[in-house]
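For reference, the structure is listed below as C-alpha cells.
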Amino acid sequence: MSNASYDVIVVGAGNAAMCAALAAREQGAKVLVLERAPYEQRGGNSAYSGGGMRIVHGGVEDIKKVVPDLSAEDIAATDFGVYTAEQYFDDLGRITEYRIDPDLADVLVNRSTDTLEWIRQKGVKFAPMYGAKTFKHEGRYKFSTGSVVAVVGGGRGLIDAEIKAAEKLGITMRYGTRVMSLLNGPDGIEGVRVVVKRVAEDIRARAVVLACGGFEANREWRTRYLGAGWDLAKVRGTRYNTGDGVRMALEVGAQPHGNWSCANACEWDMNAPEYGDIAIGDAYSKHSYYFGIMVNANGERFLDEGADVGNSTYAKYGRIILAQPGQFAWQIFDSKVLHLLRSSYRIKKVTKVTANTIEELAGKLTGVNKEQAIKTINEYNAAVKKDVVFHPNQKDGRGTVGLTMPKSNWANTLDTPPYEAYGVTCGITFTYGGPKITPKAEVVDVEDQPIPGLYAAGEMVGGIFYFNIPGGCGLMNGAVFGRTAGENAAQFAQSGR
Ligand SMILES: Cc1cc2nc3c(=O)[nH]c(=O)nc-3n(C[C@H](O)[C@H](O)[C@H](O)COP(=O)(O)OP(=O)(O)OC[C@H]3O[C@@H](n4cnc5c(N)ncnc54)[C@H](O)[C@@H]3O)c2cc1C
C-alpha cells in the first residue's frame, strides 16, 4: 500500500497500546497512537490500576533485576518465594476453569519476566507490593505467587513513563481522537476512520493494532452480554472503553471468542462515582474482605470470604455482591485485623462506620436487617476453629465448623472493639469476551485465518480470561500481547503484502 501515512496505527493509549507502539517503533516502524480520551484522561484502565504485574520468577535475584534499589533490610525481611512457569500456567488454568487458550497462556507465562524487564528499561520503576500481597507477620514478609511487584506511582506512573518513552522515540500521539472503524481493502486492513470533534478523517497505515479495551463502560452492552443487573454496576476505571475495538474487529469478520457473559468485577466502595476517579485510582477497591466477613441486606453471609487467597477471589466476588438484594454488602472487621487492611481502607472518600459493640455496629449498617446481622455474627463467632493458628500470608486453615456458608481460612472471631464496617458494591473492571487472536496477536476470522494487517491486544481480546483472573495478569496480559502485537505488526508492515 503506497499511500500509507504510517506503518502501524495503534488504537488506544493504555498499557497494551503503549507496549505495542514501543515494540513497533523498536522494529523501525513509523507509529501513530490514537487515543479517544483527552490528554488529561489518557491511559485507559491501565492508568487507574494498582500497577501490580504477575511474573515467573526464581526468587530474590530475579526480583532484584526489576527492583535494582531493593534495600538490604527488605531482602532480609522478605521471603519472595519462587513462582515457576508451571505454577503460573496451573494458576491460569485453575482460575479460568481450564478454559484459557493454552497457546495464549503459554505466551503470557513465558514472556512475562522478559517483558517486565523490557518495560523497566523503558523507564518504568517497580517496588515490592508490601501491605497488599504480603503483611509483616512475626517480623517477616512472605510472598506466595508471582504477584510480587507493582509500578511505583501505580497505573498513572506506568502510563506516564510509557508515553514519555514513546515521545522520546518519535512516536506520534493524538488525543481526543476516537477510532470508529477499520478501512478494509482487498488485501486486508489499510487504516482507520476517526472522528475528531464530530469530523471524520481517514488515516492510512500498513497495519493496525487494536488495544482499546473491552465494553465494561457500555451499560447497554453490559446488560446485553453479562445479563440483568449489570447496568447497575459501577465502572472502576475509564469511561472510554465502550467496546469500539471489539465492534470494529467483528465488523471486518473477526471471530468472537472467549467468555462474553462474564467480567472481572470487584468489591468497590458503594458510594464511588459511576466511573473511576483518576485522583483516587484503585483506592475505592476494598479487597481485604478475607480478614473479616461480609453481610448482605438480609444480614446474612453469602460467600466464603476465605475460600482462597484474595488474589484468586477478588475479581469474581464483585458479581456475587451485584446479585445481592440492593446490590450491596458490608465488610465487617474487629480491631485484631485492622492493621492488615490495605491502605485503600484509609482514604477520606470511604463508606465506613465504627462502633464499640456488635449491636451498635449492626444498627449502623445502612439497609441491613439488624437482628439477623447480630445473629449471623454470633453464629459465625461460635463456629470459628479457635485452636488453629491465624497466619495472614498463607491459607491458614483457620476456618469455621458447621455453618451453611463456611469461611475456609482467616476466620477470626469478631469480638474485640472497636469494630469497623465498610459498605461495598460491584465495581466492574473489564469484560472477557472479544476477538480471537493467534499467539502472534493476529486477529483471526471464523476460519481461524489471520485478517491481514490486523492485530489486537489487552483486555479487549477474547479467550484468555474466563470466570476469573489471577491478580496481576490484566496488566501483564496487555504488556506481553501488546509487545507481541507491535513487533508482528511492524514486521508485517515492513514486509509488504
Ligand atoms: C481500578 C483498577 C485497578 C486495576 N489494578 C490492576 C492491577 O493492579 N494489576 C493488573 O494486572 N490489572 C489491574 N487492573 C486491570 C488492568 O488495568 C487492565 O486489565 C489493563 O489495564 C487493560 O489494559 P488495556 O491496555 O487493554 O486497556 P486500557 O488500559 O483500558 O486502554 C484502552 C485504551 O483504549 C482507548 N480507547 C477506547 N476506545 C477507543 C477508540 N474508539 N478509539 C481510540 N481509543 C480508544 C481508551 O481511552 C484507553 O486509552 C485494574 C483495573 C482497574 C480499573
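The values are calculated or read from the model by the stated rules, or taken from the named source; none is laboratory data. What you are looking at is a predicted structure, and each value in this text was computed from that prediction instead of being measured. Positions of Cβ are generated from backbone atoms using ideal geometry, with glycine treated the same way; all protein chains shown enter the neighbour counts.
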Checking the structure you have, find out if any residue of segment 392-400 is more than 16 Å from the ligand (Cβ to nearest atom), modelled with pLDDT of 95 or more and not in a loop (DSSP other than H, G, I, E, B). yes
Result of the Cβ filter at 8 Å on segment 218-244, keeping first residues that are on the phi > 0 side of the Ramachandran plot and partners that are more than 15 Å from the ligand (Cβ to nearest atom) and in a loop (DSSP other than H, G, I, E, B), at least 6 apart or interchain, is GLY229/ALA323
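So, in segment 255-286, exactly how many residues are in a loop (DSSP other than H, G, I, E, B), within 14 Å of the ligand (Cβ to nearest atom) and surrounded by fewer than 24 Cβ atoms within 10 Å (Cβ to Cβ)? Talk me through it step by step, then tell me what you get.
So the first thing to find is which residues in segment 255-286 are in a loop (DSSP other than H, G, I, E, B), and the list is 255, 270-280, 286.
Narrowing further to those that are within 14 Å of the ligand (Cβ to nearest atom): 272-280, 286.
Right, trim to surrounded by fewer than 24 Cβ atoms within 10 Å (Cβ to Cβ) and you get 272-275, 277-280.
The total comes to 8.
Let me confirm something: among ALA249, ALA211, ALA315, which residue is within 12 Å of the ligand (Cβ to nearest atom), in the same structural domain as GLY191 (by TED's automatic domain parsing) and buried (at least 24 other Cβ atoms within 10 Å of the Cβ)?
Details: ALA249 fails: in the same structural domain as GLY191 (by TED's automatic domain parsing); ALA315 fails: in the same structural domain as GLY191 (by TED's automatic domain parsing).
So the residue among ALA249, ALA211, ALA315 that is within 12 Å of the ligand (Cβ to nearest atom), in the same structural domain as GLY191 (by TED's automatic domain parsing) and buried (at least 24 other Cβ atoms within 10 Å of the Cβ) is ALA211.
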Of GLU216, GLU138, the only residue that is among the acidic types (Asp, Glu) and within 14 Å of the ligand (Cβ to nearest atom) is GLU216
Going through segment 92-104 in order, the residues found to be under 18 Å from GLY472 (Cβ atoms) and surrounded by fewer than 20 Cβ atoms within 10 Å (Cβ to Cβ) are GLY93, ARG94
ask   = Among the residues of segment 143-160, is there at least one that is assigned by TED's automatic domain parsing to the domain that holds ARG42, within 30 Å of VAL252 (Cβ to Cβ) and surrounded by 18 or more Cβ atoms within 10 Å (Cβ to Cβ)?
value = yes
Scanning segment 37-58 for residues that are crowded, with 24+ Cβ neighbours inside 10 Å, more than 6 Å from the ligand (Cβ to nearest atom) and in a helix (DSSP H, G or I) gives ALA47
Taking segment 377-410 and keeping only residues that are of a type in the set (Val, Ile, Thr) and touching a residue at least 12 places away in the same chain (Cβ under 8 Å), one is left with ILE377, VAL384, THR400, VAL401
